[in-house]
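Take a look at the structure set out below.
The values are calculated or read from the model by the stated rules, or taken from the named source; none is laboratory data. Keep in mind it's a predicted model, so treat the numbers as computed, not measured. Using ideal geometry, Cβ is built from the backbone for each residue, glycine included, and neighbour counts are taken over all protein chains shown. We work out accessible area using only protein heavy atoms, side chains counted, and drop any ligands, DNA or RNA first. Shrake-Rupley method; radii C 1.70, N 1.55, O 1.52, S 1.80 Å.
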Amino acid sequence: MPGRSGESASGFLYTAAAFLIWGLSPVYWKQLASVPSLEIIMHRVVWSPLILLPVLFRQHRTDELVSSLKTTRTLLNLLVTTVLVSGNWLIFIWAINNGYVLQTSIGYYITPLINVLLGMVFLKERLRPLQIAALVLAAAAVLYLTVDYGSVPWIALALGFSFGLYGMLHKVMPVTPITGLT
């Protein structure tokens, strides 16, 4: 396929950039420690649609947004996913600003495991043998980190389950990611 290696290279660079930004984000949030976490989230709630609506207009996706707001089931799913992702961010920012960085890290190590669990239970997804082996290794690493931490990592579990449920619900919604985020 022509252009395939270029797509792979740019995909790798975008992925690396996303992980770099995500990995450095605690440094940014720590600088805002004097601002209450709820206020930060409220800014995100207010500013996100104001920034994303012009993007939807430019991409000619406003019909999808309007139709998703007219469908009761989709609207309820969007409301639930909004609460889940907002709660996730609130917990994340609060935890960073209150010195629970290790728990946030464990939470994001737990999230893929929760994603797999939710996919198997609710979406009837099945794992191949190598995927099971990878899952066991990842679970062992999370278990080690948790035992080493010395107590139940409630913040990590809240982050993992809130984001895992958000992702699962978003996966089954009939809207594109940008429309759901808006």
- [ ] For the chain, report the accessible area per residue in Å² (1.4 Å probe, heavy atoms, rounded to an integer).
- [x] 66 Å²
Open item on the list: What figure, in Å² to the nearest 10, do you get for the accessible area of HIS43 with a 1.4 Å probe and non-protein molecules left out?
Closed with: 100 Å²
TODO: Using θ = phi - 60° and the Karplus relation 6.51 cos²θ - 1.76 cosθ + 1.60, list the HN-Hα couplings for region 36-47 in order, rounded to whole Hz, with x at every Gly or Pro.
DONE: x, 4, 4, 5, 4, 5, 4, 4, 4, 5, 6, 6
TODO: Determine the order of LEU169, LEU76 by accessible area, beginning with the largest, at a probe radius of 1.4 Å.
DONE: LEU76, LEU169
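Assuming 0.36 nm per residue, please report the length gained on full extension of the stretch ARG128 to LEU52 beyond their Cα-Cα distance.
On the way: separation 76, 0.36 × 76 = 27.36 nm, distance 3.84 nm.
My answer for the length gained is 23.5 nm.
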Task: Heavy atoms of MET42 accessible to a 1.4 Å probe, total area in Å² rounded to 10 - done: 90 Å²
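Rounded to the nearest percent, how much of the accessible area of the chain (1.4 Å probe, protein heavy atoms only) is carbon and sulfur? Could the numbers behind the result be given before it?
Values: 8670 of 12060 Å².
The computed percentage sits at 72.
The chain: Rg/Rh from Cα coordinates, Kirkwood Rh? Before the final figure, lay out the partial values.
Numbers: Rg = 18.4 Å, Rh = 18.6 Å.
Taking Rh as the inverse mean 1/r over Cα pairs, Rg/Rh reads 0.99.
Inverting the mean 1/r over all pairs of different Cα atoms, compute the Kirkwood radius of region 44-132 and quote it in Å.
That comes to 16.3 Å for region 44-132.
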Task: Net charge, LEU56 excluded, C-beta distance under 10 Å - Lys, Arg +1, Asp, Glu -1 - done: 0
Open item on the list: Principal axis extents for region 119-182, Cα atoms only, whole Å, descending order, please.
Closed with: 41, 31, 18
